[in-house]
Amino acid sequence: MDNRINTLFRQKKENILTIYFTAGYPSLDDTAFIIEQLEQAGAGMVEVGIPFSDPTADGSVIQQSSHQALENGMSLELLFKQLENIRDKVNIPLVLMGYFNPVLQYGVEEFCKKCHEVGIDGVILPDLPLHEYQENYQLIFEKYNVHNVLLITPQTSVERVKLIDSVSTGFIYMVSSSSTTGKNQKVEDFQKGYFEKIKELGLKTPTLIGFGISNNPTFMNACQYANGAIIGSAFIKALQYGDLTLEQAISNYIKGVINPG
Amino acid sequence: MTYQVDKKGYYGEFGGAWIPEMMYANIEELKVKYLGIIHSYTFQNEFTQLLKDYVGRPSPLYYATRLSEHYGSHIYLKREDLNHTGSHKLNNTIGQILMAQKLGKTRIIAETGAGQHGLATATVCALKGLKCVVYMGALDVGRQAPNVKKMKMLGAEVIPVHSGNKTLKDATNEAMRDWINNPVDTHYIIGSVVGPHPYPDMVAIFQSVISKEMKSQLKAQTSNELPTRILACVGGGSNAAGAFYHYLDDQAVELIGVEAAGKGIDTHETAATLTVGSPGVLHASKTMLMQNADGQITEPYSISAGLDYPGIGPMHAHLFKSGRAKYLSATDEEVLQAALLLTQKEGIIPALESAHALAALNQLTLLPEETTVVNLSGRGDKDMQTYLDHFGY
């Protein structure tokens, strides 16, 4: 079967909204429900965060949600259990995102195998560097048809962007600025030069812009330069939903990003 | 077998640079340039001059007469405690501040546990007029108050870190986040032989002056540059790396690292990583870690803030795995008694960290003709409150 990420980018070239949330947050057993609600509300893809005790690339919001998820009892093993029947209800591509150590302890091959079994299409592991991936893990990922999504940043040289493009299979995660996650940005803060430079390179791999995207203006702005954008911290904040139900909170937030007013 | 780092940044199976792409440009620049810079004439000139005139090197190798009598064996102390700022940490920060200048960086960040590395970093930043930000676990800010005040007087900004168990690991996380957010103007002065390649190698090179001096001092004092054994405490492992460095290929010399057992290696309150840990990836390095089955890092504990770390430098993981070095551990209680013994036998109040190395003397069979060098990595001023609370003076 074709990888759902490839199918998505074949069918839709622009304004793809991808949402990140941390598995096990706000409550331990919300994972499958949140994914279903996100698909219904209009998300094009979902990144499910594997919580880690030491998330060094994340700002305070995802640090908090990861900490809470671990306190709630989340683990990679439990996450796979929660996702066992996810493909009965959900059709959009699903990606797991996290740090390498939990995957290493689980066993990289076992991890990829399990991803394939439950219907995970790709993985984002920011601290698995390109050369380690190529030397030790690429064949395993390919064997199980799981895309390893690589990142580029404003500091990444053109030469390296091209290398990353040549190795990439699903999409490239364009980090919007040199920062950890959750630094809310204004549209005028975006590094237009960097976005334009990447767009002009005409990469073979689709791109999604993430980090600092929080609302409709920042989402639409990012979408001018890539196939879509990724929202994480701002969505997690929206899950502190007060008087709303979880379902309402998700639906309101996604509508606000895609179709405000 | 080689005990040095290989071309890929590994010590055997340990090490590497497990960095997110956000740190790639900085680490790559450092990796490409560090050896050339270190071996350049201008760098060596300035580095050795500062070690001599500013740090106060060479640090003495002191024959501890009464401690030797006590143990019935020859014991020497390598007096890193006499360095300016009170520990071996300044050897590394002098090297790295010169490195930062050569790289054109204008802002310095650092993590610190006991505050010794933070203090050494704040000191070299004052020396060179560079902006300095030190991340320190909120718990450590409390238990190492004198060092915090010194850092502030030196002009550094000390940022308390409230995540995790508010100690060294969490301070390191926050420093890494800072570097991700400030990739252009900032150099991260890592305080130990930890983190991504080339840091473990670079820091070990800067600290290797310890064993270089030890060799010539032993030769002068005993006519044999090889002792029976060398003892050093290990958290991340920088003073041990420096004390072992020039002896790694001298197989006759027994190298012994001493980890912090905390309340005991069979309790959950320990920082003895090699004893209770397993291989994993943390702070951009593949090394031995304290972790649970899910790969989550577990919280370490030690009475000494400088050893309160759930990982260890990849070089030590390799020396442990290959059997070249042996690693023991000492409990808080053993450490306090060892500190008291040195104080009253030799008139030297050691840092709690260094007292771990001293405590291991009780765990070894020391023969009369043998020579043991203990790397006395730091002095105890910063730990006075802990000592006073414990001994009730």
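The values are calculated or read from the model by the stated rules, or taken from the named source; none is laboratory data. Fair warning: this is a prediction, and the values are worked out from it, not measured in the lab. Using ideal geometry, Cβ is built from the backbone for each residue, glycine included, and neighbour counts are taken over all protein chains shown. With ligands, DNA and RNA removed, areas are computed over all heavy atoms of the protein, side chains included. Shrake-Rupley method; radii C 1.70, N 1.55, O 1.52, S 1.80 Å.
Only residues that are under 21 Å from residue A:212 (Cα atoms) and touching a Ser or Thr at 6+ places or on another chain (Cβ under 9 Å) were counted in the range A:1-25, giving 5. Of all residues in the range B:302-329, those satisfying the criterion of being open to solvent by 10 Å² or more (accessible area, probe 1.4 Å) and part of a loop (DSSP other than H, G, I, E, B) are B:303, B:309, B:323, B:324. Regarding residue A:195, is this residue open to solvent by less than 60 Å² (accessible area, probe 1.4 Å), part of a helix (DSSP H, G or I), within 30 Å of residue A:36 (Cβ to Cβ) and away from chain B (no Cβ under 14 Å)? When the stated conditions are applied, residue A:195 does not pass them. When the criteria are applied in full, residue A:9 meets the requirement of being surrounded by fewer than 23 Cβ atoms within 10 Å (Cβ to Cβ), touching a residue at least 60 places away in the same chain (Cβ under 8 Å), more than 27 Å from residue B:163 (Cα to Cα) and under 16 Å from the mean Cα position of the chain (by Cα). The lone criterion from (1) touching a residue at least 12 places away in the same chain (Cβ under 8 Å); (2) surrounded by fewer than 17 Cβ atoms within 10 Å (Cβ to Cβ); (3) more than 14 Å from chain B (Cβ to nearest Cβ) left unmet by residue A:93 is number (2).
From B:379, B:324, grab the single residue that is within 22 Å of residue B:214 (Cβ to Cβ) and out of contact with any helix residue (DSSP H, G or I) (no Cβ under 6 Å at 6 or more places or on another chain).
The conditions single out B:324.
Pairing residues of the range B:103-118 that are part of a helix (DSSP H, G or I) with residues that are open to solvent by 10 Å² or more (accessible area, probe 1.4 Å), at Cβ distances under 6 Å and at least 6 apart in sequence or on separate chains, gives B:116/B:89; B:117/B:89. Being under 15 Å from residue B:376 (Cβ atoms), touching a residue at least 60 places away in the same chain (Cβ under 8 Å) and either touching a Phe, Trp or Tyr at 6+ places or on another chain (Cβ under 8 Å) or surrounded by fewer than 12 Cβ atoms within 10 Å (Cβ to Cβ) (or both) is a description that does not apply to residue B:67.
Yes/no matrix, rows are residues, columns are (1) over 23 Å from residue B:172 (Cβ atoms); (2) within 21 Å of the chain's Cα centre (by Cα); (3) modelled with pLDDT of 95 or more; (4) buried (at least 19 other Cβ atoms within 10 Å of the Cβ):
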{"site": "B:220", "(1), (2), (3), (4)": "yes, no, yes, no"}
{"site": "B:230", "(1), (2), (3), (4)": "yes, yes, yes, yes"}
{"site": "B:240", "(1), (2), (3), (4)": "no, yes, yes, yes"}
{"site": "B:257", "(1), (2), (3), (4)": "no, yes, yes, yes"}
{"site": "B:270", "(1), (2), (3), (4)": "no, yes, yes, yes"}
{"site": "B:284", "(1), (2), (3), (4)": "no, yes, yes, yes"}
{"site": "B:300", "(1), (2), (3), (4)": "no, yes, no, yes"}
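The single residue among A:89, A:143, A:81 that is among the basic types (Lys, Arg) and in contact with an Asp or Glu (Cβ under 6 Å, 6 or more places away or on another chain) turns out to be A:89.
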